[in-house]
Structures are given as C-alpha cells and as structure tokens.
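The values are calculated or read from the model by the stated rules, or taken from the named source; none is laboratory data. Every value quoted in this text rests on a predicted model; they were computed, and no experiment measured them. As a convention, Cβ positions derive from the backbone with ideal geometry for all residues, glycine included, and neighbour counts pool all protein chains shown.
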Amino acid sequence: MFIIKSNPLLRNNYHFLFLVLCLLTASSCDDGNIIVTTFDFDQDTPLSLCQQDDTNVLYYINPQTNEAISFQFSQGDFSGTFIGLDTSLTLTVDINSSNVITYRKLSDQTNGNEYYCQQVPPSSPQVLEEFVSTTGGTATLFISIESQDDNDGVPAELEDINGDGNLLNDDSDGDGIPDFIDTDDDNDNVLTISEELEAVDDNGNVISGQYVDTDLDGIPNYLDADDDGDNILTNNEDLNYCEDPENPALNPTNDVNVDGIPNYLNNTETGSVTINVVKRNTITRAFITQVVFNDITFNNQSNAESLTFSVFTMGRYDTTQSQNLPFAEGIISEDEAGNICQ
Ligand SMILES: [Ca+2]
Ligand SMILES: [Ca+2]
Ligand SMILES: [Ca+2]
Ligand SMILES: [Ca+2]
C-alpha cells in the first residue's frame, strides 16, 4: 500500500515521512481504512493559473489519482513573467493565512479550471481528504525565460557576432538590446526580417549564409545603418514618414520614387529628414515559474495528522507573453515619443 518511487531524488520526501508516521502509529497503518496520501508532484507537474483581483491560484489535478494541489497567494502583479533583459526573477512568498497551500484527494475526476476558477467551487467531486498549510515556511517562485527569439530570419547562432557562445553580449547597434532579440539590428527602422534577404549569385542562386549588401561595404543591409552608402542614414531617408496615413510612420521601405526603389537603397536619392525615434522592439518570450515550498507543515482537516516538508516541489507554470523590450537610455521608441507627426 505504500508506493516507493524508483527515483526518490526527484520526488517529495513524503514517503519517508509517511513511513515514519506509520511506524509511530503502526496500528492505524495496516487496518486498510486510511487513505494513503501520495503527494505525487515534482518539478514537471504542469500547473495552471487562475487570477481574481489580487489573488492568484496555481493548481494541478492529477487525472489518474484525483489528487489536487493548489497554492493561493496574494501578489497583485504576478503573471509568471517579467520585463527587461534579466534572465530570471525570484519571488519569495510567506506561507500564512492569506497564502495557503491546499492538498485534496477528490472522489472523482474534475476539470481543474472549473474546480478552481469559479467564485463558488463546485460541490462535486467530494473532498475525501484535505491537508491545509499552517502559518510558517515560504514559497519560492523562480521565474526564468525558457525561450525567446526575435524571429527576424537570422538564426540566433548567427547573431552571436563575436562567436563567444554568449548571445547577450552582442549588440550591433548599441541600443541596449542584444542582436538575437533585436528585431531591428541596425536601428534604421527597417526591420531585420525585411533586410536579411540572402544574397544571390549571377545565376540567381541563393548564396547560403550571405546576406544582401547593397552598397558592397562588407556590412550586410540588416546591420548597416546606411544601406546605400550615400552618407544619409537609412532612418533619415524616410522622407514621407508622416505624409501617408495609409502607411505607418517610421518605415523607410515605403518611401519610393518613380524607379520603384526606396530612397534608402538608392544612392542617387539623398534627401534627408531628421528622425530620432525608433520602432518598438516586440518579441514573444516563453517563461517557466518553478514553485517550491520550504519548511511547510500541512494539517489534515479531519484528524490530528500533520506532515512537515523541508522541501516540497509543487511544479511548473508555463506561459508566453509578447513584450516590448526596453531600449538603453537615450534611445526614444515610438511608444515613448507619442505622436511623432505633431
Ligand atoms: Ca541592438
Ligand atoms: Ca536580430
Ligand atoms: Ca534594420
Ligand atoms: Ca543611405
């Protein structure tokens, strides 16, 4: 009746505790009447999130065992994400009467969203056994970025300009945003996805890994702030930047003269305006929040039984978010600039 897992290092230490509990109260452990709690959660347990006002509930219901774990806590701005260029964020929450962990063994399967995300919890399934945390101990919410990419057409490894394996220390345009998450690597207001076109040879065949370099200065267009080499920065060749309501501002690609070539790629067109605002840098990031409790005690709600865990790993909450990354000081994004056409 006790389940000993094959890899105890990855499991919570409930088995040992429960064995000790049973050794101390041997008569109640072999009578077949008690419900054996397993607390079968680990770092890969997939948690979901409900939010209402300033209260969050992270939860999981195991569809095989009908074990339900939830962590309700007050933290108004919790989203499982963070902004900025840090790679992780740790939140520590005290366990008390407002921040509560609840373990339940349910009589039947249920949908976790319906069970935890309604004002009035459903009356079924029944709660066969319930443990609730007491005051004391902490929850650690370790939020980290699982993946992020600018999806700008240039593979991340090619955006490791200095080739040292660290993507965070390559910032070609010095705007504070590393190339691998910079959607406009030269800050010329032509997004890299529009500039990273692979070069073709005289027969029209793509030259793999070599990008178009209009002015043949050795710098591919997506890293070249003056693409046609006429000494007018590409962002300043956007002469129509506030003239055409059908076309968004800050887009040099739509400034086309009669030959069909945008001014920024035509070195005979040298008209210039001063534009000191750059397009916002939007990327999608995937985050993981690992939830671990330390030094917590649960009380069984129907008897005097209590369980103490020095470390209790609840699981992980995964989420993605589209974010505008912050620029270095002195760089004005269109979000900060307001109406640039006034
Ligand atoms: Ca940059
Ligand atoms: Ca980039
Ligand atoms: Ca660009
Ligand atoms: Ca130019």
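So here's what we get for this one:
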quantity	calculated
Selection count where residues are surrounded by fewer than 20 Cβ atoms within 10 Å (Cβ to Cβ) and under 10 Å from Pro125 (Cβ atoms), scope segment 93-104	0
Filter result (farther than 14 Å from Asp150 by Cα and β-branched (Val, Ile, Thr)) within segment 191-219	Val200, Val206, Ile207, Val212, Thr214, Ile219
Residue match in segment 268-286 (condition: closer than 30 Å to Gln51 by Cβ, touching a residue at least 24 places away in the same chain (Cβ under 8 Å) and part of a loop (DSSP other than H, G, I, E, B))	yes
Residue that is nearest to Asn235 (Cα to Cα) [pool: residues in segment 165-214 that are among the charged types (D, E, K, R), modelled with pLDDT of 95 or more and away from ligand 3 (no atom under 12 Å from the Cβ)]	Asp171
Test: residue in segment 205-219 that is within 16 Å of ligand 1 (Cβ to nearest atom) and part of a loop (DSSP other than H, G, I, E, B)	yes
Residue satisfying all of: in segment 159-191; within 24 Å of the chain's Cα centre (by Cα) and farther than 25 Å from Asn251 by Cβ; farthest from ligand 2 (Cβ to nearest atom) among these	Gly165
Of residues in segment 192-203 being under 16 Å from Leu250 (Cβ atoms) and within 11 Å of ligand 2 (Cβ to nearest atom), the one surrounded by the fewest Cβ atoms within 10 Å (Cβ to Cβ)	Ile193
Any pair with Cβ under 9 angstrom, 6 or more apart, that starts in segment 92-110 at a residue that is small (Gly, Ala, Ser) and ends at one that is loosely packed, with under 12 Cβ neighbours inside 10 Å	Ser107/Ser124; Ser107/Gln126
Among (1) farther than 30 Å from Asp335 by Cβ; (2) touching a residue at least 40 places away in the same chain (Cβ under 8 Å) - the single one Ala199 does not satisfy	(2)
Of residues in segment 298-312 being in contact (Cβ under 8 Å) with a residue 24 or more places away in the chain and not in a strand (DSSP E or B), the one nearest to Ser70 (Cα to Cα)	Gln301
